[in-house]
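To start, the structure under review is shown below, and the notes come after it.
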There are 2 protein chains.
Amino acid sequence: MKEREIDETIREYLAERDIRYTGGRRAVVRALQIAAGPQSAADLHQRLRRAVPLSSLYRSLAMLEEAGLLSLHHGQGKVARYELAEWLSGHHHHLVCMECGAMGDFELEATAEEQLLGLVATAGRKAGYQVRGHSLEVEGLCGSCR
Amino acid sequence: MKEREIDETIREYLAERDIRYTGGRRAVVRALQIAAGPQSAADLHQRLRRAVPLSSLYRSLAMLEEAGLLSLHHGQGKVARYELAEWLSGHHHHLVCMECGAMGDFELEATAEEQLLGLVATAGRKAGYQVRGHSLEVEGLCGSCR
DNA sequence: GCTATAATGAGAATCATTATCAAAACACAC
DNA sequence: GTGTGTTTTGATAATGATTCTCATTATAGC
């Protein structure tokens with residue numbers, strides 16, 4: 001989906017649930033659309049300084065995640081990182097820098113993804129899990145840290 | 001490796017580095033050997049109550065991780081979870097419960113693991129990462145939460 | 001415009017984790 | 001064994017990310 005389309009989709013999605021799509025919330029969503037991977041509250045606060053105070057930022061992130069529009073990841077370090085949910089941005093996986101903690105996205109080809117799905121289903125069945133999703137995390141040093 | 005062997009390996013490993021393998025540290029390692037997946041400091045503190053006070057527990061975890069004997073993961077929630085490093089326990093992947101945050105381990109068959117390694121190498125190269133490791137995270141509901 | 005409800009912002013509170021520092025355990029020489 | 005310098009420990013204070021509180025402000029529907 002393109003930015004404009006995502007924005008409109010989110011508006012409708014929230015409207016159905018009687019949740020307002022306010023300026024602050026939209027600013028958060030827009031910042032996440034632009035970003036190349038999951039962003040921490042601190043990352044976003046830097047971009048949104050005066051537009052969205054920290055306490056509201058945290059609240060918007062929690063609210064949007066609760067509503068199913070964002071997904072939450074904990075890569076390296078002790079900070080939470082958010083990104084658009086996969087039904088908005090598309091299924092993908094993550095690269096995590098062991099040094100600076102930055103996270104990036106990448107996609108697998110369709111055939112590779114299918115193989116992976118098979119592995120995941122088997123692993124879940126064996127462990128008695130009801131599988132809801134999966135993610136391949138690649139750890140290493142990013143371009144700036146290597 | 002078996003428990004006894006791991007214990008001995010760790011003793012030697014630490015001795016080479018002039019680090020003492022004290023009772024508290026061994027208690028932490030043993031608790032992690034027994035566990036079925038990554039454990040949080042709180043998890044371990046419950047098992048080790050009087051044996052290892054919380055501040056020492058945190059310090060031992062940090063020290064053992066720093067030394068390369070433990071690895072650190074952030075599944076769900078905001079707590080850090082530790083487990084034995086893969087060179088001691090063997091390479092594996094994780095199941096994460098979206099409800100209670102518990103983490104479990106699973107292994108892939110050799111052929112599947114090789115395929116995965118190929119995908120990981122490609123993704124890393126494209127993104128300019130120097131790859132150091134990878135992990136397939138399966139999210140869902142565990143036996144108790146489903 | 002009025003009213004009920006939802007959202008915001010500033011600051012206090014919480015919780016996991018880290019740092020501090022004096023006391024205890026250790027390794028090694030004498 | 002005793003002394004001595006170094007590690008490790010444990011209790012506690014400090015930190016930092018996140019969450020909560022509550023008075024104020026914005027919004028939607030009438």
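Quick note: the coordinates plus some simple rules give every number you see, no bench work behind them. Please read these numbers as outputs of a predicted model, since none were measured by experiment. FYI the Cβ positions are ideal-geometry reconstructions off the backbone, even for glycines, and counts take in every protein chain you see.
Looking only at region B:58-72, how many residues end up being of a type in the set (A, V, I, L, M, F, W, C), part of a helix (DSSP H, G or I) and more than 8 Å from DNA strand C (Cβ to nearest atom)? Give the derivation first.
Our first condition is that a residue be of a type in the set (A, V, I, L, M, F, W, C); within region B:58-72, this holds for B:61-64, B:67, B:69-70, B:72.
Adding the requirement that they be part of a helix (DSSP H, G or I) leaves B:61-64.
If we keep only those that are more than 8 Å from DNA strand C (Cβ to nearest atom) too, we end up with B:63-64.
Final tally of qualifying residues: 2.
What are the residues in region B:73-87 that are within 13 Å of chain A (Cβ to nearest Cβ), exposed (fewer than 15 other Cβ atoms within 10 Å of the Cβ) and not in a loop (DSSP other than H, G, I, E, B), if any?
If the condition is that a residue be within 13 Å of chain A (Cβ to nearest Cβ), exposed (fewer than 15 other Cβ atoms within 10 Å of the Cβ) and not in a loop (DSSP other than H, G, I, E, B), then B:E86 is the only one that fits.
Suppose we filter region A:1-39 for residues that are within 14 Å of chain B (Cβ to nearest Cβ) and within 16 Å of DNA strand D (Cβ to nearest atom); how many remain?
In the first step, residues of region A:1-39 are kept if they are within 14 Å of chain B (Cβ to nearest Cβ); the result is A:36-38.
Now drop any that are not within 16 Å of DNA strand D (Cβ to nearest atom), which leaves A:37-38.
Matching residues across region A:1-39 total 2.
I'd like the full set of residues that are aliphatic (A, V, I, L, M), surrounded by fewer than 18 Cβ atoms within 10 Å (Cβ to Cβ) and more than 7 Å from chain A (Cβ to nearest Cβ), limited to region B:102-126.
Selection gives B:A110, B:L117, B:A121.
When you go through A:V96, A:V131, A:V120 one by one, which is the residue that is over 17 Å from the mean Cα position of the chain (by Cα) and not in a helix (DSSP H, G or I)? First the steps, then the outcome.
Details: A:V96 fails: over 17 Å from the mean Cα position of the chain (by Cα); A:V120 fails: not in a helix (DSSP H, G or I).
Of the residues listed, the single one that is over 17 Å from the mean Cα position of the chain (by Cα) and not in a helix (DSSP H, G or I) is A:V131.
Given the criteria within 11 Å of DNA strand C (Cβ to nearest atom), over 19 Å from B:A80 (Cα atoms) and without any contact (Cβ under 8 Å) to a residue 60 or more places away in the chain, does A:T111 qualify? Spell out the reasoning first.
On the way: within 11 Å of DNA strand C (Cβ to nearest atom): no; over 19 Å from B:A80 (Cα atoms): yes; without any contact (Cβ under 8 Å) to a residue 60 or more places away in the chain: yes.
Judged against the criteria, A:T111 is not a match.
Would you point out which residue out of A:R30, A:R11 is in contact with a Phe, Trp or Tyr (Cβ under 7 Å, 6 or more places away or on another chain) and among the basic types (K, R)? If you could, list the steps in order and put the result at the bottom.
Numbers: A:R30 fails: in contact with a Phe, Trp or Tyr (Cβ under 7 Å, 6 or more places away or on another chain).
Residue meeting the stated conditions: A:R11.
Based on this model, can you work out whether A:E99 counts as more than 28 Å from B:E109 (Cα to Cα), surrounded by 16 or more Cβ atoms within 10 Å (Cβ to Cβ) and either charged (D, E, K, R) or at the interface with another protein chain (Cβ under 10 Å from one of its Cβ atoms) (or both)? Give the steps one after another, and end with the answer.
Values: more than 28 Å from B:E109 (Cα to Cα): yes; surrounded by 16 or more Cβ atoms within 10 Å (Cβ to Cβ): no; either charged (D, E, K, R) or at the interface with another protein chain (Cβ under 10 Å from one of its Cβ atoms) (or both): yes.
No.
Checking the structure you have, find out if any residue of region B:8-29 is surrounded by fewer than 20 Cβ atoms within 10 Å (Cβ to Cβ), more than 11 Å from DNA strand C (Cβ to nearest atom), free of Cβ contacts under 8 Å to residues at least 40 places away in the same chain and of a type outside the set (D, E, K, R).
Yes, there is a match, as at least one residue in region B:8-29 is surrounded by fewer than 20 Cβ atoms within 10 Å (Cβ to Cβ), more than 11 Å from DNA strand C (Cβ to nearest atom), free of Cβ contacts under 8 Å to residues at least 40 places away in the same chain and of a type outside the set (D, E, K, R).
Consider A:R50 against the criteria (1) within 13 Å of DNA strand D (Cβ to nearest atom); (2) surrounded by fewer than 12 Cβ atoms within 10 Å (Cβ to Cβ); (3) more than 15 Å from the chain's Cα centre (by Cα); (4) over 22 Å from A:V96 (Cβ atoms): it satisfies all of them except one. Which criterion is unmet?
Status for A:R50: all satisfied but (1).
I'm trying to understand the selection: among the residues of region A:127-146, which are more than 7 Å from chain B (Cβ to nearest Cβ) and exposed (fewer than 14 other Cβ atoms within 10 Å of the Cβ)?
Filtering region A:127-146 for residues more than 7 Å from chain B (Cβ to nearest Cβ) gives A:144-145.
Residue satisfying the conditions is A:S144 alone.
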